[in-house]
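The values are calculated or read from the model by the stated rules, or taken from the named source; none is laboratory data. Source: prediction; values computed, not measured. Glycine also receives a Cβ, built like all others from the backbone with ideal geometry; neighbour counts cover every protein chain displayed. Ligands, DNA and RNA are excluded from the accessible area calculation, which covers all protein heavy atoms including side chains. Shrake-Rupley method; radii C 1.70, N 1.55, O 1.52, S 1.80 Å.
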There are 2 protein chains.
Amino acid sequence: MHILFHSPDEDEKAWKEELESVFPGAQMRVWQPGDNGPADYALVWVPPKEMLAHRTDIKAIFNLGAGVDAILRYRDALPPGVPLIRISDAGMGIQMAEYATHAVLRYFRRFDEYETQARAGIWNELKPHVREEFPIGILGLGVLGQRIIKALQHFEFPINGWSRTPKEIPGVRCYSGKDGLDEFLSKSRVLICVLPLTPETTGILNERTLSKLPQGSYVINIARGPELIEEDLLHLLDKRHIMAATLDVFQQEPHPKGSRLWGHPRITKTPHIAALTMRSQTIRQIAEKMQAMERGEPVEGLVDFDKGY
Amino acid sequence: MHILFHSPDEDEKAWKEELESVFPGAQMRVWQPGDNGPADYALVWVPPKEMLAHRTDIKAIFNLGAGVDAILRYRDALPPGVPLIRISDAGMGIQMAEYATHAVLRYFRRFDEYETQARAGIWNELKPHVREEFPIGILGLGVLGQRIIKALQHFEFPINGWSRTPKEIPGVRCYSGKDGLDEFLSKSRVLICVLPLTPETTGILNERTLSKLPQGSYVINIARGPELIEEDLLHLLDKRHIMAATLDVFQQEPHPKGSRLWGHPRITKTPHIAALTMRSQTIRQIAEKMQAMERGEPVEGLVDFDKGY
């Protein structure tokens, strides 16, 4: 069983050792340009096109993350009929919930403003926000969105949810489709985006949609950079229609030096770390899926190329 | 039914209106120096000694918060036999849970360090902490401590708890008494203090006890300022035995200008706002208790003067 691997930021030796120990008979090798040797499976993160293009011997491609947008950019070059499978949760859901909860509590309890005060040596109690007037809107109601919702429900926030197709989630006011988007936005004081990047979601957070949020709202993007038009966000921050934003993803990553986003005091920035791949949990999940495929059983997480996730 | 009120930071008119509407027959008046007129109950926050001293006509004193240390400072002047009743939760538990969760996630996910990096325009992924190596220790296992534990268990952190007398809480490694303190500390990467201020807890967080925490720990004090020896914390921060601290309470409040704490980049400071009194919830709870007392029924929250809470 030959397994091709490509994920340059990971500890390749540790992956090989752990994968081969949980999946007896597997032999993992790190793909190098020009490697056209036989392979049964590919484990990839943002793989170069030449690694997968026209490789007809593999039985499946496993994407080491939730978003498959980097691979679908060259979908026509992918070997036809080979399933593309994405990680579902594997420790990412809880990380997303931590990130979102931290950012929401920060704005709800005005900890960002208290920090600014403290740096100036100011002791002053700020008027607290009212929970009932602080509904959180989650864009994207898949595994990650639902895990975030669970965490925010623990703190009793009112929750709105929006998805492409209608969904029902206990305790969540659900909206869907293009028709539901504006009302969803107008009722959400904090917007959290966890949508997959597809042609439909590219630029979905723009001047028009973000203006639908109530005056004094907050934006948290932990999905993909190209979903947010950064210039539009800056404009709405300047007008104080949006009070503050937390961004983990950017149109360009690493985010370029000297940009207005770096300097902006009301934008909290992290370098695409909201959910990191958890090696052991991911390896266990993939090994189980490969073993199921070998037995001819169906597996979860199959990507629908037309939907884009 | 005459109710005396003293809590200068609150909106006295709003308290009067709401209290009189939920408790028909009640007449609330704001206490003024020299007011010795008849009163059935007193609702107080940090009341001057002369308000309560030797007032023998009242049936109970209700403290508008969890900590009664300010009243017990002149316990010998309090009318003998008059019960002192403290608020239990009434919206404080969830605020404490929010505050503690925000601070814990901030350290666990290194958001404080990411913010420092971002201010310098640095894009750099930091090595994540491992959840299993990040046990949280809660000092104080009353209503507030247990609400914090519930929130942190939602995020699957290992939890240690310490209390004066032995307790059992599902999923929590419980320690108690003087004998259990050192081991509790040595196993807690983050220390959260919610102990009531008593002679026993004054200065409980000092050079000796804080040194028992593992190298590279974090301290969060949301209880009372005098429980922490601020100079000792500063010393351990300088040695990097303690990595960072979040303080909502201080030996002196408002915290004096120009102190080393204000200037310290690894101390997050807020002006005693971790849990604010929630007017409606507090009024409802107190009205119910007064009505129960009028019917001769027992009420919860009775302060034990010897224990100090």
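List of remarks:
- Verdict on B:Ile136 being out of contact with any Phe, Trp or Tyr (no Cβ under 7 Å at 6 or more places or on another chain) and open to solvent by less than 50 Å² (accessible area, probe 1.4 Å): no
- Qualifying residue in region B:5-14 (condition: buried (at least 17 other Cβ atoms within 10 Å of the Cβ), among the hydroxyl-bearing types (Ser, Thr, Tyr) and more than 23 Å from the chain's Cα centre (by Cα)): no
- Residue that is farthest from the other protein chains (Cβ to nearest Cβ), among those in region A:241-259 that are over 17 Å from the mean Cα position of the chain (by Cα) and touching a residue at least 60 places away in the same chain (Cβ under 8 Å): A:Met243
- Figure legend. Inter-residue proximity from region A:273-299: first residues at negative phi, second residues open to solvent by 40 Å² or more (accessible area, probe 1.4 Å) and among the small types (Gly, Ala, Ser), beta-carbon distance below 6 Å, spacing 6+ or different chains. No pairs are indicated.
- Taking region A:101-122 as the range and being more than 12 Å from B:Ile273 (Cβ to Cβ) and among the small types (Gly, Ala, Ser) as the test, the residues that pass are A:Ala103, A:Ala120, A:Gly121.
- Hits in region B:176-196 (condition: hydroxyl-bearing (Ser, Thr, Tyr), surrounded by fewer than 23 Cβ atoms within 10 Å (Cβ to Cβ) and in contact with a strand residue (DSSP E or B) (Cβ under 6 Å, 6 or more places away or on another chain)): B:Ser176
- Selection count, region B:260-272, where residues are in contact (Cβ under 8 Å) with a residue 12 or more places away in the chain, hydrophobic (A, V, I, L, M, F, W, C) and touching a His at 6+ places or on another chain (Cβ under 8 Å): 1
- Being more than 20 Å from B:Cys193 (Cα to Cα) and modelled with pLDDT of 95 or more is not true of B:Ile267.
- Boolean, B:Leu237 is away from chain A (no Cβ under 13 Å), under 28 Å from A:Ala118 (Cβ atoms) and touching a His at 6+ places or on another chain (Cβ under 8 Å): yes
- Failed item, numbered, when A:Leu52 is tested on (1) over 23 Å from A:Ile138 (Cα atoms); (2) in contact with a Leu (Cβ under 9 Å, 6 or more places away or on another chain); (3) surrounded by fewer than 21 Cβ atoms within 10 Å (Cβ to Cβ): (3)
- Screening B:Ala66 with (1) in a loop (DSSP other than H, G, I, E, B); (2) open to solvent by less than 10 Å² (accessible area, probe 1.4 Å); (3) hydrophobic (A, V, I, L, M, F, W, C); (4) in contact with a helix residue (DSSP H, G or I) (Cβ under 9 Å, 6 or more places away or on another chain) gives one miss only, at (2).
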